[in-house]
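The values are calculated or read from the model by the stated rules, or taken from the named source; none is laboratory data. It should be emphasised that the depicted structure is a prediction, and the values quoted were computed from it without experimental measurement. Here the Cβ positions follow ideal geometry from the backbone for every residue, glycine too, while neighbour counts run over all protein chains shown. Ligands, DNA and RNA are excluded from the accessible area calculation, which covers all protein heavy atoms including side chains. Shrake-Rupley method; radii C 1.70, N 1.55, O 1.52, S 1.80 Å.
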Amino acid sequence: MTARRTRIFWMAFAVILALLIVMPFGLPEFWRRFLTEILIWGLLAMSSDILIGYTGMVSFGHSAFFGLGMYGAAAALLTTRPPSLWLALLYGLIAAATVAAFVAYFSTRLRDIYFAITTLIFSQIFYVIIFTWTDATGGENGLAFSRPALAIPGLFSLPFTTLTLYWFVLAVVTGSYLVLRRITRSPFGMVLQSIRENEARTRAIGYPVERYKIVAVMFSGLFAGLAGVLYAIQNRFAAPDFVFFVVSGEAVIYNIMGGVGTLVGPIVGAAAFLLLREGLSRLFPYLASVASQHGLALPGLAEFPYLIPLGIIFIAIVIFMPQGLLGFARRRLNE
Amino acid sequence: MLEEFLIQTINGIVVGMILALVASGLTLIFGIMDVVNFAHGELFMLGAYVGVVTLAGTGSFWLALLVATLVVAALGAAIHVTTLRPLLGRDPLNTILVTFGISLVLQNYALWQFGPVARKINEPFTGHFNLFYLEYPWYRLVIALLSAAIIAGLWLFLKYSTYGVWIRATTQDRLMAQAMGIPVPRLLTIVFAIGSGMAAASGVLFGPLVGVNHAMGLDWVLKAFIVVVVGGMGNLVGSIAASIFISLTESYASLWVSPSQAIIVSFVVLILTLLIRPTGLFVPTPK
Amino acid sequence: MTAADHSEALVRVEDIHTYYGKSHILHGVSLEVRRGEIVGLLGRNGVGKSTTLKAIMGLVHPTRGEVLLEGQSLGHLPAHRVARLGIGYVPEDRRIFRLLTVSENLRTGLDGRGVSEARKKELLEMVFDFFPVLAERRNQAGGTLSGGEQQMLAIARAMMLEPKIILLDEPTEGLMPRMVSQIRHIIHVLRREGVAVLLVEQNVPLTLETSERVYFMEKGQVRHQAAASELHADHEVVHKYLGV
Amino acid sequence: MAADLSSAALAAAAAPVGAAPVLRTEDLGIRFGGLAALNGVNFAVARGEIRAVIGPNGAGKSTFFNCLTGVLRPSSGRILFNDDEITGLSPNRISRKGIARSYQITNILPNATTLENVRIAAQSRRHGWSLFTHHRAFRDIIEKAEAVLATVGLAAKADELAANLSHGEQRNLEIGIALATEPQLLCLDEPTAGMSAGETDDTIALVRRIARDLTILIVEHDMTVVMGLAHRITVLHYGAILAEGTPAEIQSNPRVLEVYLKT
Amino acid sequence: MTDNNNRDDWEEAFWYSGKTTRRRLVGWSAKAAGALGAMMLVPAPWRAAFGAAKPFKIGSLQPLSGNAAAGGKTALVGVQMAVDRINKMGGINGRPVEIVTGDDESKPDVARRKIEKLLVEDEVDAHVGGFLSNICLACMPVFEENKVVNMISVCLDTTLTTTKCNRYSFRPYDYAPAQAVAFAPYLVNKLGKRWHLIYADYSWGQSTRDAYAQEIKKAGGEIVGGTGIPLGTADMTPFLSKISGDFDGLFAIEFGKDGVTIGNQAYDLGLTKKYKWAGDGALAESTNLPGLGNKIEGFVGINRYIPVFDPPLNTAAHHKFFDDAVARLKQIDPSGPLPDRYVQSNYEAMNALKIGMEKSNFQGRDDTMKLIEALEGLEMKEGDDFPQGDKVLRKEDHQAFIREFIFDIKDGKHRILETVPKEKTIFPPACKFASS
């Protein structure tokens, strides 16, 4: 990237970050929380972009990393008094990284769809274990716990408000973005991209490709776990549903929708998909209420299954925007 | 113990055959089109619903089976032409997403159209025989046999018919098939229709064992996917073998460990198989 | 079928450009093959000979220029329609259907065209006459044939379409000399039958010997054309474009 | 066949620089199904030598390269590099031992710049596991890559996408990638395939230039290239060595003429 | 050679001609949507009666899509029935009631978002709903945080009113321990001493299994074995065929889709003939009966509500409830199902809330504490509000105790075998509210 492009990038980054920082002031409470959640799902999607977009591997195991991050945080928050934010982060990351290492060790021997299916099976194994081991995990009901305070022991301790939680999540996600961005531009990250472009050649010039893949999966899992911890802190519960492979599928969806290999694309994808879903779920009741204000009763309109138009719009996006929402900017964001 | 073992063998084979029927449509679509069809479970479910409606109208199970297969096959063709053809030549990931969208639409449409109450398909005949301490319904064996017959029919179709030869040729080399004058776009639509029809047939056949509802496809689709990959994508025989293999593993495992652990056992076995034979268990190795 | 004068072009390629992703492969290729004519297309690896054949076949659609068959533009017709209009294709690496038997391989081009059963039999007999070894192996999987047999199968398969022209891409690549002479024989037979051939080859002597005219390609363009008979004497040109 | 000509001792003795063989194969064989693609190949190449391997299509030249570089695992025999057994090692291990190759079919990273293609290869020896430093911070790697680009004549195209290079430039980039891994032995698989006469001459000059510090194995169809470059030539036919000798010897060898040079 | 080419033309017209066709397709769908809209135009309902009075907003989170949609849809019918009736009768404290629904898609993350929307953005005054236990549990802290009353209407999990009880959440219907207390004597005395339990292998199934095991033992019976079945198992035969041996009865704890599956497959294997066949009433819910056909004949279960008019359910109130529910269910399901306990408990939960709001003269969220106090210990009398029967909402744990019906299935219909009065279902409270 030329110096000028670099300057433009960082200026845009600063502007967007500043906008994101002040955005909650203009938003009602619900949307502040929703924005926080979008950032968290965006982080999950971003973590899987390391594999999909940079290494060329599609993982369906991210739900396991995400979920284990949650349960790791839950373990810390349930066992220590007072609940400690940093311990929750630590436990969650350790749990996610351990699982990621385990999954990576086996699955990276396989390629393409076989890799995807193996990671999927692994996440299902963890799902079944968590779902049925009621004594430890709460089973289907999951675990509920209280939110830790934003504290540095001996210095200060502030209970999270919606606003501070949002900023905290924004800080973590921004930090993660910067770290991941740096990783993708480090020699290591360049090797990953080289694997994506041409695995055999990468091996032939001397790189132990399998080991690189294992580390990539571990990093990806670590950040997915971080997203899990943030989700746990925001929502104060952990549930096996988050380990179910469908969550991995959603991460892939956010990636494709936003544009793979851009890191920010997946966040945009997550935002687009979640906002679209939220918007459509409100549309039909809204139409029905507008109609009834005009003296019309449209029975069934408010209950119209909004997932049908969601599905159709989604299909249309995939067909007509092959590069995803941010795909056009891929080269620019990637250099 | 021996009794239980034999019973579980029969169970494993019966479940395996149903799974094989679901998976064979999937593997056909997968193998020839590179389409990972996430909507397969929904086509299975729609087949069952069309079966319910036809059965209510005509009273004939067999007619219901036929009508469901044809109607869903036609729907499959329509889905293919409108949503999957535009993706030809794109990354297969796109097809995963589009079929995910389709499954969202179909599932919610079924809920909207048919309502929340579980429906019933009555088996065409009742009756059972004694299997040690159990009464075993004949219908279960009939399903297994019918599944086998349908798969055999598919196999004969692939082996001998013009379209069958074309499908196999296209599976191996799509570009060359086209250069040989095989109308590949139309062929892909037909394959998707056949796969959809098979999903529907399995939905109707399986209907009498369970209730029919909008979420019934979910229980099969994940396992069917695993089976397709383990069997070697696009490999019909491999999928059948893998279906029976996974079902038997699960059945036997349930003799020794708790049911939920049995699922884990079968998953672990699957991962091991993949690690040993990375491109599927039963792939023929062309020289 | 329009009645056509024999001197008229059967296939005419007019200034086609193709891209593979971002790289520009063909930079305006023009050539023509007349009815029943054997035409050679020579050039080094990677100059776009195979791509030219693919473009004629409709497997690659040119972004500029067009391909005409009997004066009719093929436009962006999909390959299977092009095949049915009478163009046979024998690709570089043969690409036979390895898991299909020999007769199934042959059937792929025969079925579904509304050809009568009797005619189908006739065509099969004809092909098996040309290639007795294929008749022997009719129930063997294509992948089990030797390289030369596979090449024959690939040509036989294209012949089943009763094409007006066959596009032959490096038919002798990797073949033993004995097989090479058999390919030479097949090309002669095709000429006798009135089937035009567009032949891409590395084997210069074979090309010069079988072709009536030869085009030379360099960097995605046709740079030179000549009658084969002239070239026998003119080693200069051959050396210039092929370095042999 | 021609076993007397192909013994390792003979090859070593005839090497121009006269050193011990840098690479040796003993009775190397590989089978695919029933087919023996390589059959008892005893081969040796001396340090500093340029050795051409020729033979008809399907003679086993690429398979031989694939065995040397670890892509294929031989069914029998041994491969020794600097007297170190490397038989069956993975391609990345072999690369690290100091063997590099270029490919017959252009095998580069099409969506990366020319510089990046070479830089990633140069980086394979150092800093490959560096995670948090920008890759541009490693000046040594970039300098190395730039030097390699200068060697292969692509310095002016450093920031061009590899996919947008001309065919001939891509072939040279192919060599550049191999060179950047700092090999002792460089295997070139048809480096001039598809090049125009002018480009071919440039590539010949390039190979001569880099051969000062390297041992080079080259597979090539173009006889002007082979005859102009090679110190010695090995002729493979049906997976076995048919003949070996200086270009002059090979050109006059009647068996070679029969199976290969004449068509 | 060209005779068969026409066959391809239609698809090429669609596909190769690109945009024009696509545009036409869009045009068609727009027209179709227009026609659909026109068909749905129906005259406006009553509304003017309340004048300018600001309506109470009652949130209702239900799974209207996804796995649990079947139950969520009938549950929502119950709330709508109650609200329509309340509005017809003059509203609550002179103000109309408006339902704001949320579809949780059967997923906890969506549920969490939707409940926050209801509480934070729509600022509902109270909430009636909650179907899946994990979702009820995930949402409970949000009610506490926003100080809003949560009338749970379906969630089965025991811990909602025991270890995880909460001052803001109420369960105005029964739970598994109460049903076990009510049912166990009948099981042991009338059906048999030795029981094998089949349960859905996850938290609800496991905790219900424990409740029944305890009560059956207390009643003098014996548990000889247990078989857990993973949730969503399509073919349960491998698990069911392990069940053999000498005992009296099989007791099944399954609901929804899995209830239909086990009903069919246990019958197919002859288990329901060989053993007494009983279980949680959820298995034979009226919305499950069409899927079970005649295979459920003879099943004995316990339920708080069954759609019959045997005494003591032969009341005018129940007739009214039944007729209204049947008419509404017909609209969401053409097969015309009978009301089930999900309709009933949602209907009654809304009515309980209404009474509480009236008693406390509730005007808005500021009065939440007053409303809670009014609901604690609330006695509800059988009648139009509570067609199912009398009940009491216990102060200590916000758990209600109600009349239970032990029934069997005869000719595809429920039949009351025994009515257990609410006093005989009491299970001691095990809840400590956090002091707030």
Cα axis of helix D:139-151 to longest principal axis of chain D: angle in degrees, 0 to 90, nearest 10?
-> 50 degrees
When only DSSP loop residues count, what trypsin sites (Lys or Arg not before Pro) in segment C:142-209 have their Cβ near at most 14 other Cβ atoms within 10 Å?
-> none
What dipole magnitude, in Debye to the nearest 20, does segment A:72-187 give about its Cα centre under +1 on Lys/Arg Cβ and -1 on Asp/Glu Cβ?
-> 460 debye
Taking only Cα atoms and a 10 Å spring cutoff, compute GNM fluctuations for chain A and point out the largest among A:Ser84, A:Ser157, A:Ser248.
-> A:Ser157
Within the accessible area of the protein assembly as shown, what % is carbon and sulfur when the probe is 1.4 Å and the other protein chains stay in place?
-> 60 percent
Distance histogram in 5 Å bins (all Cα pairs of segment A:30-261, percent per bin) = 1, 7, 15, 19, 19, 15, 11, 7, 4, 2, 0
Solvent-accessible area per residue, Å², over chain D with all protein chains present [probe radius 1.4 Å] = 38 Å²
Interface burial for B against E (accessible surface, 1.4 Å probe, total of both chains, Å², rounded to 100) = 4200 Å²
Of chain A, which part is the longest with no trypsin sites (Lys or Arg not before Pro) in a loop (DSSP not H, G, I, E, B) and with at most 16 other C-beta atoms within 10 angstrom?
-> A:112-335
May I ask you to list the trypsin sites (Lys or Arg not before Pro) in segment C:19-104 that are in a DSSP loop and have at most 11 other Cβ atoms within 10 Å of their Cβ?
-> C:Lys22
If you take every DSSP beta bridge whose two residues both sit in chain E, what share of them, in percent to the nearest 5, is antiparallel?
-> 35 percent
Could you sort out which of E:Lys330/E:Lys381; E:Lys273/E:Lys410; E:Lys73/E:Lys114; E:Lys88/E:Lys354; E:Lys117/E:Lys395 sit more than 22 Å apart by Cα distance in this structure?
-> E:Lys330/E:Lys381; E:Lys117/E:Lys395
Which percentage, to the nearest 5, of the DSSP beta bridges contained in the protein assembly as shown is antiparallel?
-> 50 percent
Other chains near D:99-109: what is the mean number of their Cβ atoms within 10 Å of each residue's Cβ?
-> 3
Would you tally the net charge around B:Met233, using a Cβ to Cβ cut-off of less than 15 Å, leaving B:Met233 out, and scoring K and R as +1, D and E as -1?
-> +2
Where in chain E are the DSSP H helices whose C-alpha atoms run 24 Å or more along the long axis and whose mean Kyte hydropathy is at least 0.0?
-> E:69-88
List the residues of segment A:185-201 that lose 40 Å² or more of accessible area once all protein chains are present, compared with their chain alone (1.4 Å probe, heavy atoms only, no ligands or nucleic acids).
-> A:Arg185, A:Pro187, A:Phe188, A:Met190, A:Glu197, A:Asn198, A:Arg201
Could you give me the radius of gyration and the Dmax of segment B:1-143, taking only the C-alpha atoms into account and expressing both in angstrom?
-> 18.3, 56
Which whole number gives the average, over all residues in A:208-215, of C-beta atoms from other chains lying within 10 Å of the residue C-beta?
-> 3
Taking only Cα atoms of segment D:108-182, the Rg to Rh ratio with Kirkwood Rh works out at 0.96
Return the whole-Å distance between the Cα centroid of segment E:281-323 and the Cα centroid of segment E:369-436.
-> 18 Å
Accessible surface buried upon B-A contact (total; probe 1.4 Å; Å², nearest 100) = 3300 Å²
Quote the relative contact order of segment A:77-219 in percent (integer), defining contacts as alpha-carbon pairs under 8 Å separated by 6+ residues.
-> 30 percent
Give the range of the longest stretch in chain E that excludes all chymotrypsin sites (Phe, Trp or Tyr not before Pro) found in loop regions by DSSP and having at most 14 other beta-carbon atoms within 10 Å.
-> E:47-308
With only helices counted (DSSP H, runs n ≥ 4, each -39500 (n - 2.57)), the per-residue ellipticity at 222 nm for chain B, to the nearest 500, works out to -25000 deg cm²/dmol
Debye, to nearest 20: dipole size of the protein assembly as shown, +1 on Lys, Arg Cβ, -1 on Asp, Glu Cβ = 1540 debye
Accessible solvent surface per residue of segment C:7-71, calculated while the other protein chains remain in place, 1.4 angstrom probe, Å² | 36 Å²
Give the angle, between 0 and 90 degrees and rounded to the nearest 10, that separates the Cα long axis of helix D:167-180 from the longest principal axis of the Cα atoms of chain D.
-> 90 degrees
Please report, in debye to the nearest 20, how large the charge dipole of segment A:30-261 is about its Cα centre when each Lys and Arg carries +1 at its beta carbon and each Asp and Glu carries -1 there.
-> 560 debye
Kindly compute the accessible surface that chains A and E hide from a 1.4 Å probe when together, both sides summed, and give it to the nearest 100 Å².
-> 3400 Å²
Could you pull out the longest piece of chain D with no exposed loop trypsin sites (Lys or Arg not before Pro) in it, calling a site exposed if DSSP puts it outside H, G, I, E, B and it has at most 12 other Cβ atoms within 10 Å?
-> D:1-211
Classify the protein assembly as shown as rounded, prolate or oblate, taking a ≥ b ≥ c as the square roots of the eigenvalues of its Cα gyration tensor: rounded when a/c is under 1.5, otherwise prolate if a/b is larger than b/c and oblate if not.
-> prolate
With every protein chain present, what is the per residue accessible area of segment A:30-261 (1.4 Å probe, Å²)?
-> 27 Å²
